[in-house]
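Written out below as structure tokens is the structure these notes cover.
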Amino acid sequence: AAIAVPEGWRSVITNGTLEGDDMSCFFSKTSGGAPEPSVAVDYEGVDDWKAIVINSTASTASQDWDDQFFIKATEKLAVGTKYRVEFDYRSDIEGAADTQTHNQPSEYIHWACINSVTFKPEWQHHKFEGTVSNDQTGNFQTVAFNMSKNRKDTKFVIDNIVFLVEHTTTGIKSVENNTGDVQYFDLQGRRVAQPAKGLYIANGKKVIIK
């Protein structure tokens, strides 16, 4: 089942439960190589279902970012966008992972994103809510985790991933409609008596007239 999206938000990833086949929003990188789609492993999740496993190897790590995990949104986030990231997580030994702002996976933008995460053998839940800052500008689309920070052989497990952005409707909250007829407004909020082809707001929703 899909993870429920709270009112006022919309999801910008697919398959956050990791139970489906679509892994297009999740990538892993090991030993400084190129990012590849992550693999959901059976019986590793919170309820013994699937979860993503990232194995960081001390012998091949010289930088914190040699081994990484990435959550990639389906769209770029503009400055001022309010966003929320949540997930369940654990590891076989305690170890921390810093997070960074990236464009595509491995395309670095800024050193900070959703705070550092301290993994432990017991399951925990991380939740971060913020607004895209000027420091994160440059087509922010991906949250990157630096999994080699500890320089130890570590098995990291992540499950039930949520990546949301605040739902907006171009600043128009509602359309008054006391007559029962549909009323059209342009994207600047001006009423249009006889709309031609184009994009409009009608009854609070975007509509296209062809």
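Results, tabulated for the structure shown:
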{"quantity": "Elements of type strands (runs of 3 or more DSSP E) contained in the stretch 1-61, each with 1 or more residues being open to solvent by 60 Å² or more (accessible area, probe 1.4 Å)", "calculated": "9-11, 51-56"}
{"quantity": "The one condition in (1) over 15 Å from the mean Cα position of the chain (by Cα); (2) at pLDDT 95 or above that Met23 fails to fulfil", "calculated": "(1)"}
{"quantity": "Entirely in the stretch 68-133, the strands (runs of 3 or more DSSP E) that have 3 or more residues that are touching a residue at least 60 places away in the same chain (Cβ under 8 Å)", "calculated": "68-77, 82-91"}
{"quantity": "Any hit, the stretch 18-38, residues being of a type in the set (Asp, Glu) and under 24 Å from Asp66 (Cβ atoms)", "calculated": "yes"}
{"quantity": "Among (1) modelled with pLDDT of 70 or more; (2) under 30 Å from Phe69 (Cβ atoms); (3) not aromatic (Phe, Trp, Tyr), the one test that Thr168 misses", "calculated": "(1)"}
{"quantity": "Residues of the stretch 12-23 satisfying the condition of being closer than 16 Å to Ile158 by Cα and either touching a residue at least 24 places away in the same chain (Cβ under 8 Å) or in contact with a helix residue (DSSP H, G or I) (Cβ under 9 Å, 6 or more places away or on another chain) (or both)", "calculated": "Ile13, Thr14, Gly16, Thr17, Leu18, Glu19"}
{"quantity": "The stretch 125-148: number of residues that are farther than 18 Å from Phe27 by Cβ and open to solvent by 20 Å² or more (accessible area, probe 1.4 Å)", "calculated": "11"}
{"quantity": "Qualifying residue in the stretch 117-127 (condition: over 22 Å from Leu18 (Cα atoms) and not aliphatic (A, V, I, L, M))", "calculated": "no"}
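Yes/no per residue for (1) touching a helix residue (DSSP H, G or I) at 6+ places or on another chain (Cβ under 7 Å); (2) farther than 16 Å from Phe163 by Cα:
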site	(1), (2)
Pro35	no, yes
Ile54	no, yes
Ala58	no, yes
Ala61	no, yes
Asp67	no, yes
Phe70	no, no
Thr74	no, no
Arg84	no, no
Thr101	yes, no
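The values are calculated or read from the model by the stated rules, or taken from the named source; none is laboratory data. Here the structure is a predicted model, which means the values were calculated and not measured. For neighbour counting, all protein chains shown are included, and Cβ atoms are generated from backbone atoms with ideal geometry for every residue, glycine included. Surface areas here come from the heavy atoms of the whole protein model, side chains and all, with no ligands, DNA or RNA. Shrake-Rupley method; radii C 1.70, N 1.55, O 1.52, S 1.80 Å.
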